[in-house]
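Rule-based calculations on the coordinates, nothing more; no lab input. Only a predicted model underlies this, so the values are computations on that prediction, with no experimental measurement involved. As a convention, Cβ positions derive from the backbone with ideal geometry for all residues, glycine included, and neighbour counts pool all protein chains shown.
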Amino acid sequence: MKIVMMARNPDLYSHKRLVEAAEARGHEIDIVNTTRCYMNIASRRPEIYYNSQKLPIYDAVIPRIGASVTFYGLAVLRQFEMQGVYPLNESVGIGRSRDKLRSMQLLARDGIGLPVTTFAQDPKVADEVIKLAGGTPVVIKLLEGTQGLGVVLADTNRSAKSVIEAFRATNTNILVQEFIKEAGGTDIRALVIGGKVVAAMKRTGAEGEFRSNLHRGGSANVVKLSSEERATAVRAAKSMGLNVCGVDMLRANHGPVVMEVNSSPGLEGVEKATGIDIAGKIIEFLEKNARKGATKTKGKG
């Protein structure tokens, strides 16, 4: 099988592991810098160029699109889809997961557990938004934030209003969410591949930090999921339309609640915490499913 990976940094742990896993199973794999690809959008003859050369038609594409280049990355991925190349994750699914508001709406539509989440345009309704979220403390999130950046915990009504007004003054879209105190600064990431949870880890925030992201000094350990947590992770992946994703959940008193569905989950933390060959399982999924033109949306949507 001939595979192409869209990735701007080939030296990241996750990208090196995917290359190792692909080559170990006898496949060819090329890495292309997403932002250096360019396209000829010709009728019935979609082409992609890289380093002044037309790319061949691959069997599968692994999109590892950074959040900062989502728009252009999805355009390139759609071009691969229109060529009939099988995507590990489809452009439509990635687009849904990257839009925090849209993803929350889809999860809510499908009855998946969520923290109470509110959204408004007018900062004058800050009091009502905070009240809808259950009152302070509340978590205020930038819609475009990643890796824990752009996430603020506001302990009082006054501080919450100040943060909301400050963000809205810069025309920045935010979500205001209920703070799940009982989670105790920990969350769970479940890795879903092909509709099954293949690994899970519990992430714990650094001392005095309510965010548990490993990029912010958190630690990770293997964790056993309940049947409800497994089912929630699988349903969340299906709701987004993702074959491979990391589903981040909190253990609330009323059951698991989904915080985010990550369409390009990092592999280092979960592989080291669990000892499971996630990269190998991803390549195995492609082996079983990659067929020309098997993309459900074929670049549409």
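Overview of results
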| item | result |
| --- | --- |
| Hull volume in cubic angstrom per residue (convex hull over the Cα atoms of the chain) | 134 |
| Cα-based reach from K124 at 16 Å (exclusive), listing aspartates and glutamates while leaving out same-chain residues under 8 positions away | E165 |
| Size of electric dipole in the chain: Cβ of Lys, Arg +1 and of Asp, Glu -1, about Cα centre, debye, nearest 20 | 740 |
| Fewest-first ranking of M82, M6, M39, M240, using other Cβ atoms within 10 Å as the exposure measure | M39, M82, M6, M240 |
| Loop-exposed GluC sites (Glu not before Pro) per DSSP, neighbour cap 16 Cβ within 10 angstrom, longest uninterrupted part of the chain | 1-143 |
| 25 Å Cα-Cα threshold exceeded, pairs from K2/K296; K202/K296; K100/K224; K16/K281; K16/K296; K100/K202 | K202/K296; K100/K224; K16/K296 |
| Enclosed volume per residue, in Å³, of the convex hull spanned by Cα atoms of the stretch 182-275 | 85 |
| Spherically averaged projected area of the stretch 117-179 from its Cα convex hull (nm²) | 3.6 |
| Sorted by Cβ neighbour density within 10 Å, fewest at the top, the residues S159, S97 | S159, S97 |
| Shape box of the stretch 1-98 [Cα atoms, principal axes, largest first, Å] | 38, 28, 23 |
